[in-house]
Amino acid sequence: MRAKVLRSEKLEVVSHLAASISHEIRNPMTTTKGFLQLLQGSKQEGKNLEYIKLALDELNRAEGIVRDYLTFAKPTHERMETMDLKEQTEKVISILRPLANMNSVRLDQRLKSVPITGDQSLFQQCILNLLKNSIEAMPNGGKLTITIGSSDQLAIIDIQDTGFGMTDEQMRRLGEPYFTTKDQKGTGLGMMVVFSVIEAMKGKIHVESEQGKGTRFVITIPLDT
Ligand code: ADP
Ligand code: MG
């Protein structure tokens, strides 16, 4: 029991630290990227264009990592608070709608209001990482079904996609830091964040997946009693 407590305390310190520096990291990255793009658009000689492209690729990778960790991080210290699962999920969906449209992914939302306790920004990051993976698994279109409900003791988040699915090996490795099948485009950090956030909320993650058919994540979180 004591080990669990220590772990969530640690997570809180880490997330606070990350939130405080996220601002300081994002701004210089945006500026640097802007100047590199300017250089790329101007007349370049010899190997310069190649160097600029390499620098931009690396910067994009760094941005991906920040996105998987710190999309919602705020510099203020946030306490655990009561929030509505439906409202939080809707916020994340509105951010992802353009990506879904780009991939021709239809969204089917069946959301019920369920109050849970947690850190808002971490929870939104968790849902974002899950939904983003689902959309990315359907590059040629598909359907993403998001159901939020509750039973007596549990909040239930059910995310189902009709994407390319995973092998058993890939399912086993889910959440392992840097495990990605997306080469340069992936960070392999998104699911690690999902597992830590759900664990801190004392929840459970159940995964089903079939190659070529799709993937389903069912997350249960104990309700406040
Ligand atoms: P990334 O998305 O950067 O690759 P993640 O930690 O978010 O890193 O995911 C790790 C890997 O898990 C992905 O590269 C992918 O292979 C697999 N994965 C996660 N969610 C899904 C999904 N819904 N459908 C298919 N594969 C998935
Ligand atoms: Mg991901």
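All of the numbers you see were taken from the coordinates with simple rules; none came from a lab. Fair warning: this is a prediction, and the values are worked out from it, not measured in the lab. Quick reminder, even Gly has a Cβ in these numbers, built from the backbone with ideal geometry, and neighbours come from all protein chains shown.
Quick look at the values:
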read-out: The chain, relative contact order [Cα under 8 Å, separation at least 6], %; value: 19
read-out: Cα-based reach from Lys185 at 16 Å (exclusive), listing aspartates and glutamates while leaving out same-chain residues under 8 positions away; value: Asp57, Glu58, Glu63, Asp68, Glu136
read-out: DSSP-defined antiparallel bridges as percent of all bridges, the stretch 107-205, nearest 5; value: 60
read-out: The chain: angle of helix 85-102 to the longest principal axis, Cα-based, in degrees nearest 10; value: 40
read-out: DSSP beta bridge pairing in the chain, given as percent antiparallel to the nearest 5; value: 80
read-out: For the stretch 158-213: rounded, prolate or oblate by the Cα gyration tensor [a/c cutoff 1.5]; value: oblate
read-out: Extension gain from Met29 to Asp158, taking 0.36 nm per residue of separation minus the Cα-Cα distance; value: 42.9 nm
read-out: Angle between the chain longest axis and helix 190-200 axis [Cα atoms, degrees, rounded to 10]; value: 30
read-out: Three-way shape call for the stretch 81-225 based on the alpha-carbon gyration tensor, with the a/c threshold at 1.5; value: prolate
read-out: Acute angle (nearest 10 degrees) that the helix 120-136 long axis makes with the longest principal axis of the chain, alpha-carbon atoms; value: 70
read-out: Structure-based [θ]222 nm, the chain - -39500 (n - 2.57) summed over DSSP H runs of at least 4, per residue, nearest 500; value: -17500 deg cm²/dmol
read-out: Rounded Å value of the spacing that divides the Cα centres of the stretch 163-225 and the stretch 35-53; value: 38
read-out: Loop trypsin sites (Lys or Arg not before Pro), the stretch 126-225, which have at most 13 other Cβ atoms in a 10 Å radius of their Cβ (DSSP); value: Lys182, Lys202, Lys213
read-out: Cross-link pairs Lys43/Lys182; Lys33/Lys86; Lys112/Lys202; Lys86/Lys132; Lys53/Lys213 - those with Cα-Cα distance over 26 Å; value: Lys43/Lys182; Lys33/Lys86; Lys53/Lys213
read-out: Gain on full stretching of the segment that runs from Ile21 to Glu87 - 0.36 nm per residue minus C-alpha separation; value: 21.1 nm
read-out: Mean separation of Cα contacts under 8 Å (6+ apart) over length of the stretch 129-214, as relative contact order %; value: 30
read-out: Inter-site label distance for Thr167 and Met80 at 7 Å from Cα along Cβ, in nm; value: 4.0
read-out: The stretch 18-120: trypsin sites (Lys or Arg not before Pro) falling in loop per DSSP and having at most 10 other Cβ within 10 Å; value: Lys43, Lys47, Arg79
read-out: Which of Leu49, Leu59 has the fewest Cβ neighbours within 10 Å, and the rest in rising order; value: Leu49, Leu59
read-out: Rounded, prolate or oblate (a/c below 1.5 giving rounded, otherwise prolate when a/b exceeds b/c) for the stretch 47-148 by Cα gyration tensor; value: oblate
read-out: Per DSSP, loop chymotrypsin sites (Phe, Trp or Tyr not before Pro) in the stretch 151-194 with at most 14 further Cβ within 10 Å; value: Tyr178
